[in-house]
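K.L.:
Encoded as structure tokens, here's the structure I'll be asking about.
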Amino acid sequence: LYKVPDHKLVPFAYSWGYNELLQTSRELNPKRDEIRDKLGIPRGTFVVLFCGRLSKEKDPFLLLDAFNRLDTHSKSLVFVGDGTLKYPLQEHVEDHNIGSVHFAGFQDRNAVPMYYTAADVLVLPSYRDTWGIVVTEAMCFGLPVITTDQVGASVDLIKDGHNGFTIQVGDEDTLTYHLQCLADMHEEERKKMGLHSQRLMQWWANRNLTETIDQYFDVLTKTS
């Protein structure tokens, strides 16, 4: 197994485009109840959001089954996105009589912020995801995030118990446990976790991209 020498490694600031999302969050957050009304989500509901392709590697069935085990008086699971698993998921919902599951379909970038604003937590249960851009987007909107150890963003951005949780791939029990913990939290506690996400993204967005590119070219020059 070849190990890349430390002197050839350069931290890269994948940090552009987030200031606009942070600003959109500030504009939409005061309209949260109004947005939930528009989306047909009752106020006071604990809303779990999945945003992405409904495909095997994203493992949406894991989330659906964990959500079904969630014990809370009012809950809702929203799938934003489309893909080959859409109809199998819908059939699973019907066959197992799972209530309060909504399939919003594909949403363009102008509409997706409404779903982040309406949600209480984003879950990305992928067993393979190089980065997981929805993680950083959700954090801009002040959401705690639950994801797996195979999602690249989890390494840098998810701090267990601080702004979310990282689980092992396929671990339905632990996913259910963390969802239950979030559902049982007082709303202000969840908001505090979401605020940690948002503050981390504010720092992330303001890193110096030019500096990291300069470091990269310095490495190329020294090793050529």
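The values are calculated or read from the model by the stated rules, or taken from the named source; none is laboratory data. Just so you know, these numbers come straight off a predicted model, no measurement behind them. Note: ideal-geometry Cβ built from the backbone for every residue, glycine included; neighbour counts use all protein chains shown. Side chains are part of the model used for accessible areas, which takes the heavy atoms of the whole protein and leaves out ligands, DNA and RNA. Shrake-Rupley method; radii C 1.70, N 1.55, O 1.52, S 1.80 Å.
K.L.:
Output the residues belonging to the range 19-60 that are in a helix (DSSP H, G or I), open to solvent by 10 Å² or more (accessible area, probe 1.4 Å) and within 21 Å of TYR87 (Cβ to Cβ).
P.N.:
Result: LYS56, GLU57, LYS58.
K.L.:
Which ones in the range 66-87 are open to solvent by 50 Å² or more (accessible area, probe 1.4 Å) and more than 19 Å from THR45 (Cβ to Cβ)?
P.N.:
The answer is ASP82, THR84, TYR87.
K.L.:
Only residues in the range 45-58 that are over 15 Å from HIS178 (Cβ atoms) and modelled with pLDDT of 95 or more count as the first member; pair them with residues that are in a strand (DSSP E or B) and among the charged types (D, E, K, R), Cβ under 7 angstrom, at least 6 apart or cross-chain, and list the lot.
P.N.:
THR45/LYS75
K.L.:
State all residues of the range 88-100 that are out of contact with any Ser or Thr (no Cβ under 8 Å at 6 or more places or on another chain) and under 18 Å from ARG43 (Cα atoms); if no residue qualifies, say none.
P.N.:
Residues of the range 88-100 that are out of contact with any Ser or Thr (no Cβ under 8 Å at 6 or more places or on another chain), as a first pass: 88-99.
Within the range 88-100, GLY99 is the sole residue that qualifies.
K.L.:
When you check ASP184 against the structure, is it acidic (Asp, Glu) and farther than 23 Å from LYS56 by Cα, yes or no? Spell out how you get there, then give the answer.
P.N.:
Working: acidic (Asp, Glu): yes; farther than 23 Å from LYS56 by Cα: yes.
Taking the combined requirement at face value, the residue satisfies it.
K.L.:
To continue, here is another question. Quick one: in the range 89-102, which of the residues that are over 28 Å from GLU187 (Cβ atoms) and touching a residue at least 24 places away in the same chain (Cβ under 8 Å) is most open to solvent (accessible area, probe 1.4 Å)? Explain how you work it out, then say what you get.
P.N.:
Initially, the range 89-102 is screened for residues over 28 Å from GLU187 (Cβ atoms), giving 89-92, 94-97.
Going one step further and asking which of them are touching a residue at least 24 places away in the same chain (Cβ under 8 Å), we end up with 89, 92, 96.
Working: LEU89: 0, HIS92: 37, HIS96: 106 Å².
So the residue we want is HIS96.
K.L.:
Further, regarding this structure: Determine the pairs where a residue that is over 19 Å from ALA138 (Cβ atoms), located within the range 61-79, has a partner that is among the small types (Gly, Ala, Ser) and open to solvent by 40 Å² or more (accessible area, probe 1.4 Å) with Cβ atoms under 7 Å apart, the partner being 6 or more residues away or on another chain.
P.N.:
So the pair list comes out as SER74/GLY44.
K.L.:
In this structure, is GLU94 in a helix (DSSP H, G or I) and out of contact with any helix residue (DSSP H, G or I) (no Cβ under 9 Å at 6 or more places or on another chain)? Even if it seems obvious, please write down each step before you answer.
P.N.:
Values: in a helix (DSSP H, G or I): yes; out of contact with any helix residue (DSSP H, G or I) (no Cβ under 9 Å at 6 or more places or on another chain): yes.
Spelling it out, GLU94 is indeed in a helix (DSSP H, G or I) and out of contact with any helix residue (DSSP H, G or I) (no Cβ under 9 Å at 6 or more places or on another chain).
K.L.:
Restricting to the range 168-224, name every residue that is farther than 18 Å from THR147 by Cβ, at pLDDT 90 or above, open to solvent by 50 Å² or more (accessible area, probe 1.4 Å) and not in a helix (DSSP H, G or I). Walk me through how you get there before you give the answer.
P.N.:
Keep residues of the range 168-224 that are farther than 18 Å from THR147 by Cβ, which gives 184-189, 191-192, 195, 199, 202-203, 205-224.
Narrowing the set further to residues that are at pLDDT 90 or above leaves 184-189, 191-192, 195, 199, 202-203.
Cutting the leftovers down to open to solvent by 50 Å² or more (accessible area, probe 1.4 Å) gives us 184, 186-189, 191-192, 195, 199, 202-203.
Within the range 168-224, just HIS186 meets the criteria.
K.L.:
Another question, if that's okay. Search the range 97-111 for residues being in contact with a Leu (Cβ under 9 Å, 6 or more places away or on another chain) and not in a strand (DSSP E or B), and hand back the single one that is farthest from ASP59 (Cα to Cα). Don't jump to the end; show me each part of the working.
P.N.:
In the first step, residues of the range 97-111 are kept if they are in contact with a Leu (Cβ under 9 Å, 6 or more places away or on another chain); the result is 98, 100-104.
With not in a strand (DSSP E or B) added as a condition, the list becomes 98, 100.
Details: ILE98: 18, SER100: 19 Å.
Out of the qualifying residues, it is SER100.
K.L.:
Quick one: would you say LEU63 is part of a helix (DSSP H, G or I), open to solvent by less than 10 Å² (accessible area, probe 1.4 Å) and either aliphatic (A, V, I, L, M) or out of contact with any strand residue (DSSP E or B) (no Cβ under 9 Å at 6 or more places or on another chain) (or both)? It would help to see each step written out before you state the result.
P.N.:
Details: part of a helix (DSSP H, G or I): yes; open to solvent by less than 10 Å² (accessible area, probe 1.4 Å): yes; either aliphatic (A, V, I, L, M) or out of contact with any strand residue (DSSP E or B) (no Cβ under 9 Å at 6 or more places or on another chain) (or both): yes.
Yes; evaluated as a whole, the condition is true for this residue.
K.L.:
Out of the range 112-160, which residues are closer than 25 Å to PRO88 by Cα, open to solvent by less than 20 Å² (accessible area, probe 1.4 Å) and part of a loop (DSSP other than H, G, I, E, B)?
P.N.:
ALA119, PRO125, SER126, GLY132 - these are the residues of the range 112-160 that are closer than 25 Å to PRO88 by Cα, open to solvent by less than 20 Å² (accessible area, probe 1.4 Å) and part of a loop (DSSP other than H, G, I, E, B).
K.L.:
One residue is enough: does the range 192-200 have a residue meeting the conditions touching a Leu at 6+ places or on another chain (Cβ under 7 Å), closer than 13 Å to ALA66 by Cβ and touching a residue at least 12 places away in the same chain (Cβ under 8 Å)?
P.N.:
Looking for residues that are touching a Leu at 6+ places or on another chain (Cβ under 7 Å), closer than 13 Å to ALA66 by Cβ and touching a residue at least 12 places away in the same chain (Cβ under 8 Å), one finds none in the range 192-200, hence no.
K.L.:
Residues in the range 119-142 that are among the small types (Gly, Ala, Ser) and either free of Cβ contacts under 8 Å to residues at least 24 places away in the same chain or within 15 Å of LYS58 (Cβ to Cβ) (or both): how many?
P.N.:
Filtering the range 119-142 for residues among the small types (Gly, Ala, Ser) gives 119, 126, 132, 138, 142.
Now drop any that are not either free of Cβ contacts under 8 Å to residues at least 24 places away in the same chain or within 15 Å of LYS58 (Cβ to Cβ) (or both), which leaves 126, 132, 138.
Residues meeting the conditions: 3.
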